[in-house]
Amino acid sequence: LRTIRHFLLSAKEIKYKDYVKLLKQKQKLQIQEALKRKKRSKYRYGSSYMDDDSDDDESSDSDSDSESDNDDENDIIGGQSSENDARDLIESFLDLKDPQINWKMIEFLSKDNMTHLLMSYISRMPQGPKIWQENLDVNFDDVIPGTLPLYSAESDEIRATQLSYSLMRILSNEHAAETVKSFLLRKCQEICLHALAVFHPLSKGNVYHGRVVLEILLNHWPKSFMAALANQRHIQSLLKCALFRNLHQGNLNSFFLDLICFRPNQKIGQIQPVKKKLMKMFVDWKFMEYLLSASCDPKHGDDVATKYATFFIDMVARCASIQEAGELFKGHEFLIIDSFMNGLLDKEKSRTIWHRISCGQTLVQFLDISSRPTIMDPASAMAGMLGVVAPDPNPNILHPMFEDSLKRLHTFIPNMCDTICDKNNNLSPIKLASGLVSHPFGQVKLNCLELLTVSADFAQFKCGHVLGLLKLNFWEELLNMAFIHNQNNMYLCHFRRLIHLSMIFRRRFLKHLFVNCQMLERFVDFYENKPHPRTTLHGYILQMLWDIYNHDQREDDDDSSDQDEDKDGDEEEEDDPANRDSVVINSTPRALVDEDEDEDEEDGEDNTDNDNEEQKAMEEDSDDEFNDDVVLKPNFSKEPEDQWDIVSFFNGSDVWKQFIATVSLQMEAQNATETQVPNMNVANNQQQLDQLLQNLLGPANDDASDSDSDSTSSDEDGDEEVR
């Protein structure tokens, strides 16, 4: 062995074939010594071992991943000198330009001590695994460390990283070798242990290499890998450390998303129980509570908090179609809303503007995803782009959380209103291309305004109750800020939406703005007396006043047209609800619904009992919630305070009588203009596309294209004849 070690010190000068021959001699000597000491062989030889990913869960119940052969460490390695020989052998192998594992090497590396020695180049933990496995405790209440640097100028660190990268490439199985797959399955637990150890505070390993090894195990042997994660005590300790405190390191977030959302193509019945056990373990660890705390707690810093919040919303989007992942979110509706709202409002004044914005944007995205009854898996959504028939959308497992989440959000409306109207948070002027913005509105206030508008929009026909939580002085302040932030398109967009909702569900607020706050007069004065330079508010004034004035009149026109159609006896399809100003709950007449239900009862009598019960339940819920409001109405409120005649007010205003000509002229000009997408020299028919393709290919390819088209057509004709 010493003689072989002497030759391996100069491995770079030895030809590859000679090196392999020496390597086989060394392995043969070690195997003979092990046999003389009557070492029991644990593994079978050959590829038949890989026929099935059949590691039983019971075989993974051992607390340690290195107990089997550690007692005979000296028998195999033969002391410190032989360990150095083994290290020289492994490093010489890793230094090769294109190292590959053969079956003889598999037998050698499959010994537990050799496996731990090999994988130590990935984990880079202090001392041996027998020692550091007993010192894995981590204080999860400490501040999460920041992102590790991507490079080092130290030569020792560069050398260690090169060896780690070489081993990672071997295990990634770029050549699809059966030997590598066999080794991954045989030593799945040991490889998993060292790959997760990279993320422990004691490790100096490369976090990107550790994450790649974990993904390799998940892709090749998911059942054995998940069983190791769910059953091994030391692996669980390292897994919790990685999941809780290293999501921002080495793209580990992508691995955990793949693990949580893993959908097996084979052996579903074997893998799903193990995955459910893994999800239950995450729930018992209170992972969701820790994730929300890390996303909103300022002590971890902006970088960590932002990356944890990003992981949360990515997990929401991916898990929405994964049934077993619902356990992670179950019962956390209030905690999600409270965590991100407290982060956005920041009553403690301890968060940065960036952190508060991150909390607000994350909450908006969560409400958007959870509001959808069905959702398409992001991986499946690419099928349509690739020309493959996309599967049907899946039920959204997060949708049952939406109603309670929205109700919880409504409790924060007074605080959001105070933040929006807060005048103490004055920001510095911002210089934009359009000019200097002396009084910026601010992203935090904009997030609060967006959440306020979203909470009212998502409430649908209960929007009146949400608007009722807004005070009159808040509406006055919204109007005042419209003139201050007259160039802020985002603010004016939400302002216009709130005004529109108040016109439909709480007209008392609109009346207060027009009657007591002179909204009409102030709008007209701004439009006529501040013509240069034109601002965004000028366009909103035209659109808002026109929509408000014609809102009730459109309903009258629709009623008269419906009466004329009834007299003529013409049956036409109803208008598209998307073109209406208000939302239609049930656009189908009741008579047509009854007829359809009667036809359905006659066509299918087998499922009538269940369908009728569900239909009756839905109708009862709908009737209790909306009563008679099942058709389009300009005003959905029956309260006396909300019965205000908009048209009479406008027609009685002298200011409007003078301004209506300007509004009508501008709106007619907009409506008369046909909105067309510019051609931009892009082909819009098959002939132009063919000409463009011919220009790209050049004249030399004309004959080839003709022959190809001829052969294609002839092939198609031949196929038709065969059929």
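The values are calculated or read from the model by the stated rules, or taken from the named source; none is laboratory data. Treat the numbers as computed from the prediction; the structure is a model and nothing was measured. Don't worry about glycine lacking a Cβ; one is built from the backbone with ideal geometry, like all the others, and counts go over all protein chains shown. Just so you know, the surface numbers come from the protein's heavy atoms only, side chains and all, with ligands and any DNA or RNA stripped out. Shrake-Rupley method; radii C 1.70, N 1.55, O 1.52, S 1.80 Å.
Values as computed for the structure displayed
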item: Residue check, Leu406 in contact (Cβ under 8 Å) with a residue 12 or more places away in the chain, assigned to a loop (DSSP other than H, G, I, E, B) and of a type outside the set (S, T, N, Q); result: no
item: Subset tally (residues that are among the hydrophobic types (A, V, I, L, M, F, W, C), open to solvent by 20 Å² or more (accessible area, probe 1.4 Å) and either touching a Gly at 6+ places or on another chain (Cβ under 9 Å) or in a helix (DSSP H, G or I) (or both)) for the stretch 195-242; result: 1
item: Flag for Ile158 being among the aliphatic types (A, V, I, L, M), at pLDDT 90 or above and part of a loop (DSSP other than H, G, I, E, B); result: no
item: Residue that is modelled with the lowest pLDDT [pool: residues in the stretch 630-677 that are surrounded by 10 or more Cβ atoms within 10 Å (Cβ to Cβ) and hydroxyl-bearing (Ser, Thr, Tyr)]; result: Ser637
item: Residue check for Lys445: over 34 Å from the mean Cα position of the chain (by Cα) and assigned to a helix (DSSP H, G or I); result: no
item: Tally, over the stretch 277-301, of residues that are surrounded by 15 or more Cβ atoms within 10 Å (Cβ to Cβ), within 23 Å of Gln232 (Cα to Cα) and not aliphatic (A, V, I, L, M); result: 5
item: Qualifying positions in the stretch 121-143 - open to solvent by 50 Å² or more (accessible area, probe 1.4 Å), touching a helix residue (DSSP H, G or I) at 6+ places or on another chain (Cβ under 9 Å), at pLDDT below 90 and outside any helix (DSSP H, G or I); result: Pro126, Glu134, Asp137
item: Pairs with Cβ under 6 Å, 6+ apart, first in the stretch 200-215 and closer than 11 Å to Met168 by Cα, second open to solvent by 30 Å² or more (accessible area, probe 1.4 Å); result: Asn206/Thr161; Arg211/Asn251
item: Qualifying positions in the stretch 98-120 - open to solvent by 10 Å² or more (accessible area, probe 1.4 Å), assigned to a loop (DSSP other than H, G, I, E, B) and either of a type in the set (Lys, Arg) or touching a helix residue (DSSP H, G or I) at 6+ places or on another chain (Cβ under 7 Å) (or both); result: Pro99, Ile101, Asn102, Lys111
item: Selection count where residues are within 17 Å of the chain's Cα centre (by Cα) and assigned to a helix (DSSP H, G or I), scope the stretch 253-285; result: 8
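Per-residue answers, yes or no, for (1) in contact (Cβ under 8 Å) with a residue 24 or more places away in the chain; (2) touching a Phe, Trp or Tyr at 6+ places or on another chain (Cβ under 7 Å):
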{"residue": "Leu109", "(1), (2)": "yes, yes"}
{"residue": "Thr115", "(1), (2)": "yes, no"}
{"residue": "Ser123", "(1), (2)": "yes, no"}
{"residue": "Gln127", "(1), (2)": "no, no"}
{"residue": "Asn135", "(1), (2)": "yes, no"}
{"residue": "Phe140", "(1), (2)": "yes, yes"}
{"residue": "Pro149", "(1), (2)": "no, no"}
{"residue": "Asn173", "(1), (2)": "yes, no"}
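Table: residues versus (1) hydrophobic (A, V, I, L, M, F, W, C); (2) surrounded by fewer than 18 Cβ atoms within 10 Å (Cβ to Cβ); (3) farther than 14 Å from Phe659 by Cα; (4) in contact with a Gly (Cβ under 7 Å, 6 or more places away or on another chain).
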{"site": "Met481", "(1), (2), (3), (4)": "yes, no, yes, no"}
{"site": "Asn488", "(1), (2), (3), (4)": "no, no, yes, no"}
{"site": "Tyr491", "(1), (2), (3), (4)": "no, no, yes, no"}
{"site": "His512", "(1), (2), (3), (4)": "no, no, yes, no"}
{"site": "Val515", "(1), (2), (3), (4)": "yes, yes, yes, no"}
{"site": "Leu520", "(1), (2), (3), (4)": "yes, no, no, no"}
{"site": "Val524", "(1), (2), (3), (4)": "yes, no, no, no"}
{"site": "His532", "(1), (2), (3), (4)": "no, yes, yes, no"}
{"site": "Leu545", "(1), (2), (3), (4)": "yes, no, no, no"}
